[in-house]
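Worksheet: the structure to be examined is printed underneath.
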Amino acid sequence: YQRYLAALLEGRRVVCASIVEGLIKDGITMRSLYADLFHVSMYEIGTLWEQNRISVATEHLCTAITESLLGIVYPQVFSATRVGRSAVISCVANEYHQLGGKMVADIMEMHGWDTTFFGANTPLPGLLEAVQARRPDVVGLSFSVYYNLGALLDTVETLSNCVPGLPIWVCGQGFSVASHAFVQSLENVRYIPSLEVLEKELEAMSSP
């Protein structure tokens, strides 16, 4: 991990790709690759950025490299047997950090779900239209930066009012600053603190 993180911070994409390819060759599980390498490293990168220990440019570079590495594992991601479940995953409006949401969508695909992923800064009207058209089993909302909490709450309220009973999962690094206690009081809304918890939820919903 430390060798990978150092290469990531230095912008050495070829080294990062070599490490990932070696782990896959050695039989690492996709869950472990996402949870213990991609997820942990990007949370650490985010913390370094919040503490002004790395520049915005470095944070963007690390994100771009990580997104490019996801392509290496896509053959495994999309090879799972379908389970007849669907999800819409999206960043809220004004949220430009889309990597976390993309990783959630990938994990769901690994479990046989059919996911529609909307990237950064998805306008609420467009998201609502897509949800009403697709009628997914779950909507997942990614929230990475604290000042987007208002957009998250607006999105949850609008979806809940317009599509009653729709399960909404919220996740992201923004909850390292914002309390997730409010989620407990909202009907049909669940806070997903980790990829491990996400997988448990998916397994429970995919069971006959």
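The values are calculated or read from the model by the stated rules, or taken from the named source; none is laboratory data. The structure presented is a predicted model; accordingly, all values stated were derived computationally and were not measured. When we count neighbours, we look across all protein chains shown, and the Cβ atoms used for this are built from the backbone with ideal geometry, even at glycine. We work out accessible area using only protein heavy atoms, side chains counted, and drop any ligands, DNA or RNA first. Shrake-Rupley method; radii C 1.70, N 1.55, O 1.52, S 1.80 Å.
Things to note:
- Rg and Dmax over the alpha-carbon atoms of the stretch 84-196 stand at 12.6, 36 Å.
- At a probe radius of 1.4 angstrom, the accessible area of the stretch 51-126 per residue rounds to 43 square angstrom.
- Each of the chymotrypsin sites (Phe, Trp or Tyr not before Pro) that DSSP puts in a loop and that has at most 13 other Cβ atoms within 10 Å breaks the chain; the longest unbroken stretch is 97-208.
- Percent RCO, i.e. relative contact order, over the chain, from Cα pairs under 8 Å lying at least 6 residues apart: 17 percent
- With the convex hull constructed from alpha-carbon coordinates only, the chain shows a mean projected area of 11.4 nm² over all directions.
- Three-way shape call for the stretch 1-111 based on the alpha-carbon gyration tensor, with the a/c threshold at 1.5: oblate
- Estimated 222 nm signal from helices in the chain, with DSSP H stretches of n ≥ 4 weighted -39500 (n - 2.57), rounded to 500: -16000 deg cm²/dmol
- Taking the 1.4 Å solvent-accessible surface of the stretch 30-148 as the whole, the part contributed by carbon and sulfur is 54%.
- Remark: the Ser18-Asn94 segment gains 24.0 nm on full extension, using 0.36 nm per residue and subtracting the alpha carbon distance.
- The stretch 49-133 - Rg over Rh from alpha carbon coordinates, Kirkwood radius: 1.04
- According to the Cα-based calculation, Rg over Rh for the stretch 110-176 is 0.94, with Rh computed by the Kirkwood formula.
- Both radii come from the Cα set of the stretch 9-64: Rg as radius of gyration, Rh as Kirkwood radius; their ratio Rg/Rh reads 1.02.
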